[in-house]
Amino acid sequence: MLVKQIKCIILGIVILTAIYPKVIGEVVNPDCDAEHDIGKLVLKSNRAVFFGGVNFFNRTQCISNKETFYYGAEYPKDSKIAALNHGRVLIGGILNGDTIVNGTYTPLFLKEYRSILSPEADSNNDAVSEQDYISIDVDNIADPYFNPAPIHPLNIKVTKKSYAWSYKYAEDIVFFDVSIQNIGDTKIHKVYAGILLFFIVGHYNQIDNITNDDIAGLYKSKIQYSCTEFEDSLIFLWGADADGDPSNGEYVDRINFGEGVTKKSATSVSGAMFLSKMSDDIKRSFNWYASDEFNTFEFGPQARESFREFANGSIGMPSTDEGWYHLLSNGEIDYDQAYITRITQYDPVWLYPNQEVSEEIAIGGYNKNNILSIGPIDLPPGATVSFPFAYIAGEKFHRNPDNINFLPDIPESYYKNLDFSDINTNAKWARWIYDNPGIDTDGDGDSGRAVECNGERIWVEGDGVPDWKAAGPPPAPYFWITQEENALHVRFNGSRSETEKDIFTKIADFEGYNIYFGRDDREASLSLVASYDLINYDKYVWHPNLGDNGKYIVDDIPFSLDSLKCLYTNSCDDSLFDPTRFTAVAPLVTSDSIFYFTKHHNNALFSAISKVYPNARDPRLIPEDSLTDDDFTEEGFYKYFEYEFTIDNLLPTVEYWVNITAFDFGSPKSGLQALETSKTVGLQMAYPLSHEEVVDGKNEIFVYPNPYQIDANYRGNSFEGIGEEDRHVDRVRKINFANLPPKCEIKIFSLDGDLIRHLHHEVPASDPTYTHHTWDLITRNTQLIVSGMYYWTVEFPNGETKIGKFVVVM
């Protein structure tokens with residue numbers, strides 16, 4: 001049997017390779033998790049027809065190799081608050097008269113990765129976002145693991161491309177471009193696509209299970225401006241914890257109940273929405289069904305007009321393809337779960353709910369699956385149709401810790417205390433990134449939809465042609481860390497940062513740099529230590545026809561001081577001109593305008609950041625053929641954009657994390673605030689210990705803390721367990737070996753000569769962390785060590801051995 005399975009695997013690989021050639025990009029390890037973690041929303045995106053999912057096997061993220069979050073989604077990032085258990089794409093159609101909703105697929109390519117963060121890599125030529133994953137599934141090829149015997153396949157290939165950005169306005173969104181291709185020779189009729197979401201929301205502390213008390217519904221988004229509010233076509237499926245998990249009547253960021261046991265409130269919301277505009281012949285359906293843990297009951301809303309009892313006698317979860325297809329295509333918009341008690345026995349639209357479970361469902365009880373679907377579309381042989389959607393999240397959804405008391409009796413009051421504003425804003429940005437407003441993508445003269453707002457035309461929709469473009473900050477600079485005694489010297493080059501043009505405005509919108517450092521790699525732990533900000537000013541112009549009595553608005557990009565001198569003084573060299581002396585109450589008045597100026601951002605030109613080559617020429621002012629080797633660094637960057645900064649007064653035995661971001665000046669016309677590159681993407685860790693001394697072997701290898709004392713509160717003083725507050729203290733202990741060579745073997749022995757642990761150390765000398773290695777105090781038998789004295793040896797590649805000892809007091 002095993003031989004047959006192996007032959008099937010080999011044959012399947014041969015067939016797949018022959019039929020579908022490899023697409024470009026970097027194919028990653030199939031055993032890792034394609035987890036989007038570059039923004040605030042963390043979401044797995046593995047198979048083409050699946051996303052989310054529980055991490056039962058401690059899988060790691062494909063790019064960073066960090067262990068991925070246990071549940072399908074985490075929001076906000078690093079909070080350990082689950083937002084989703086799992087989601088999947090449901091596809092149904094009619095083929096040769098048979099109704100088929102296929103649930104089994106063979107992965108053609110499990111995961112492929114691209115990123116615009118590294119444009120120099122050929123594999124990233126077609127990258128869309130900062131974190132792209134591509135996966136492909138087919139339903140008509142046998143695979144012994146995923147799809148051993150395809151039953152009634154639709155003969156389709158499903159390609160899922162998922163995108164994520166770290167930008168502030170996009171960090172709460174993960175995008176999915178799902179395309180379905182008919183790879184058979186027969187037309188598939190009435191194809192529907194659905195998004196199924198099983199929410200599980202709450203704080204995951206690795207000890208207590210998350211209580212299943214989640215609630216969901218459908219929300220119609222509104223876009224609001226200062227002068228108008230209108231209902232948009234954005235409709236999203238949402239899910240959240242029913243009460244936000246308050247503690248003692250209030251929402252809490254963290255409460256400690258003892259070692260490794262903590263609790264946080266889960267006040268956020270997340271969900272999914274289709275992105276493309278729907279034509280009149282496309283209908284939307286929203287269905288949900290509930291069941292208990294053992295499936296002793298199943299219930300789902302049923303409209304009287306389209307009532308259908310499924311083959312197993314259930315009116316909840318379908319058991320056949322025909323039943324699933326009914327949920328995808330029935331055109332029903334189910335009532336939200338909180339409103340189940342509002343359906344009476346004589347309701348003209350809905351069947352009377354099961355009264356034994358309705359009150360429990362209304363307050364978030366039982367397991368619930370939620371399906372948002374659209375269709376139908378006919379799919380001829382070879383044709384492809386796209387169903388783009390986004391998974392979105394929003395913060396501060398719950399505002400009233402006592403709100404749950406309105407359920408199950410008064411859902412209207414319950415809803416008044418829910419705040420959809422943040423997720424609503426993110427839904428708007430999801431649509432705008434998918435289809436940029438005011439952009440005529442296909443050149444047919446249609447730029448989308450606009451509204452009039454105080455005499456201004458504001459674009460609110462695109463032209464219906466996908467763009468998949470997000471306005472981003474300038475690229476982060478390249479930077480290097482040099483370790484010094486009690487200090488870290490940072491050198492960075494912004495050749496790309498200061499010259500690359502914005503994809504929409506087509507101008508270089510660079511504004512400055514920020515330098516951050518901290519004791520760990522969480523954004524909340526990073527502190528701003530230095531800034532470089534161009535000196536420029538915003539010009540506020542008076543518009544008498546705006547608002548009731550007129551108002552000042554910013555019409556243009558920031559002005560440099562030199563440009564203002566030339567425009568509004570008698571000489572471009574006027575050294576006494578101060579734009580900020582003009583204010584809203586004392587503006588500058590010209591023959592055709594009234595305006596005043598404010599500083600744009602901080603106007604901190606250096607703030608301890610200095611240029612490495614202060615006399616270097618600005619390449620933007622020199623013809624390219626006039627540049628010489630003297631204008632470039634050894635790495636090939638322009639010297640003009642090279643800077644340096646030193647972070648001093650540091651402890652040599654402590655690890656520090658450093659990052660440098662770039663930010664732009666924003667876009668006043670679109671209302672977009674200044675954008676900054678991610679504080680956590682590109683972080684580097686280093687020890688403030690002289691690099692040269694370690695290489696030369698002048699510093700002795702040592703262990704710290706020595707002695708290691710259990711009552712020294714290392715965790716409380718941030719020497720261990722940083723970012724792992726939810727783990728038991730015995731699983732975050734740490735002893736450090738310092739002054740190590742790039743490659744060596746570390747062995748720890750008891751006084752009796754028994755081998756306690758063997759550690760292999762091999763880190764490139766270019767890595768600032770190569771001089772250190774940490775040990776978790778766990779023996780080779782996976783037990784915590786006991787009190788006593790221990791010997792250690794460090795063996796160099798040339799055979800030289802160093803010996804030392806340390807004491808543990810438990």
- Query: R0 = 45 Å: FRET efficiency of Leu627 with Ala383, Cβ-based, nearest 0.05?
  - Reply: 0.30
- Task: Work out the charge dipole of the chain with +1 on the Cβ of Lys and Arg and -1 on the Cβ of Asp and Glu about the Cα centre, then indicate which of Gly512, Leu755, Met685 is farthest towards its positive end.
- Result: Leu755
- Message: Restricting to DSSP loop positions (anything but H, G, I, E, B) with no more than 13 other Cβ atoms inside 10 Å of their own Cβ, which GluC sites (Glu not before Pro) remain in the range 597-639?
- Response: Glu634, Glu635
- Item | Low-density loop cleavage sites - chymotrypsin sites (Phe, Trp or Tyr not before Pro) in the range 319-411, where at most 13 other Cβ are within 10 Å (DSSP) | Tyr346
- Item | the range 45-101: trypsin sites (Lys or Arg not before Pro) in DSSP loop, at most 13 other beta carbons within 10 Å | Lys66
- Message: Take Val809 and Tyr791, extend 7 Å from each Cα along the Cα→Cβ direction, and tell me the distance between the two endpoints in nm.
- Response: 2.4 nm
- Task: Taking the dipole about the Cα centre of the chain, with the C-beta of Lys and Arg at +1 and of Asp and Glu at -1, give me whichever of Ser247, Val269, Phe51 is farthest to the positive side.
- Result: Phe51
- Message: Give me the extension gain from Asp292 to Glu644: residue separation times 0.36 nm, minus the current Cα-Cα distance, reported in nm with one decimal.
- Response: 120.6 nm
- Task: Give the ranking of Cys62, Cys566 by solvent-accessible surface, highest area first, calculated with a 1.4 Å probe.
- Result: Cys566, Cys62
- Message: Quick check: pseudo-label points 7 Å beyond the Cα along Cα→Cβ at Asp752 and Tyr346, how many nm apart are they?
- Response: 8.5 nm
- Length-normalised contact order of the chain, Cα under 8 Å, at least 6 apart, in percent, tallies to 9 percent
- Query: Which of the aspartates and glutamates could be linked to Lys187 by a straight reach, that is with a Cα gap under 15 Å, when you skip same-chain ones fewer than 8 residues away?
  - Reply: Asp98, Asp378
- So for R0 = 45 Å, FRET eff. of Ala765-Val465 from the Cβ-Cβ r, to 0.05, ends up at 0.35
- With each pseudo-label sitting 7 Å past Cα toward Cβ, what's the Ala450-Ala712 distance in nm, one decimal? 6.7 nm
- Taking a label point 7 Å from the Cα of Asp419 along Cα-to-Cβ, the residues of the range 268-291 whose backbone nitrogen sits under 17 Å from it are 268-270
- Query: If you place +1 on the Cβ of every Lys and Arg and -1 on the Cβ of every Asp and Glu, how big does the dipole about the Cα centre of the chain come out, in debye to the nearest 20?
  - Reply: 1060 debye
- Provide the gained length on full extension for the span Thr774 to Ala608, in nm with one decimal, where the gain is 0.36 nm per separating residue minus the Cα-Cα distance. 56.4 nm
- Rounded to the nearest whole Å², what accessible area per residue is found for the chain with the 1.4 Å probe? 46 Å²
- Of every Cα-Cα pair in the chain, the percentage lying beyond 40 Å is 47 percent
- Note on the structure: Zone reached by a paramagnetic label modelled 7 Å from Glu634 Cα along Cα→Cβ, restricted to the range 755-785 with backbone N below 17 Å, covers 765-768
- Item | Net charge contributed by nearby residues that have their C-beta within less than 11 Å of Leu379 (K/R +1, D/E -1) | +1
- Within the chain, helix-based [θ] at 222 nm, where runs of 4 or more DSSP H residues each add -39,500 (n - 2.57), nearest 500: -2500 deg cm²/dmol
- Keeping all protein chains in position, work out how much accessible area Glu745 exposes to a 1.4 Å probe, and write it in Å² to the nearest 10. 50 Å²
- Excluding ligands, DNA and RNA, the carbon-plus-sulfur percentage of the accessible area of the chain with a 1.4 Å probe reads 50 percent
- Query: For Ser64 and Ser306, what does the FRET efficiency come to when R0 = 56 Å and r is the distance between their Cβ atoms, rounded to the nearest 0.05?
  - Reply: 0.75
- In the neighborhood of Phe397, defined by Cβ-to-Cβ distances under 10 Å, what is the net charge if each Lys or Arg adds +1 and each Asp or Glu adds -1? -2
- Message: Past 31 Å, Cα to Cα: identify those pairs from Lys66/Lys168; Lys160/Lys277; Lys80/Lys283; Lys160/Lys743, in the order given.
- Response: Lys80/Lys283; Lys160/Lys743
- Query: Expressed in nm to one decimal, what extension gain is obtained for the pair Ser575 and Asp556 from 0.36 nm per residue of sequence separation less their Cα-Cα distance?
  - Reply: 4.4 nm
- Note on the structure: In the neighbourhood of Thr106 defined by beta carbon distances under 11 Å, the net charge of the other residues (Lys, Arg +1; Asp, Glu -1) is -1
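The values are calculated or read from the model by the stated rules, or taken from the named source; none is laboratory data. Worth saying up front: this structure is predicted, and the values here are computed from it rather than measured. Cβ atoms come from the backbone with ideal geometry, glycine included; neighbour counts cover every protein chain shown. When the accessible area is computed, the model is the full protein with side chains, heavy atoms only, and any ligands, DNA or RNA have been set aside. Shrake-Rupley method; radii C 1.70, N 1.55, O 1.52, S 1.80 Å.
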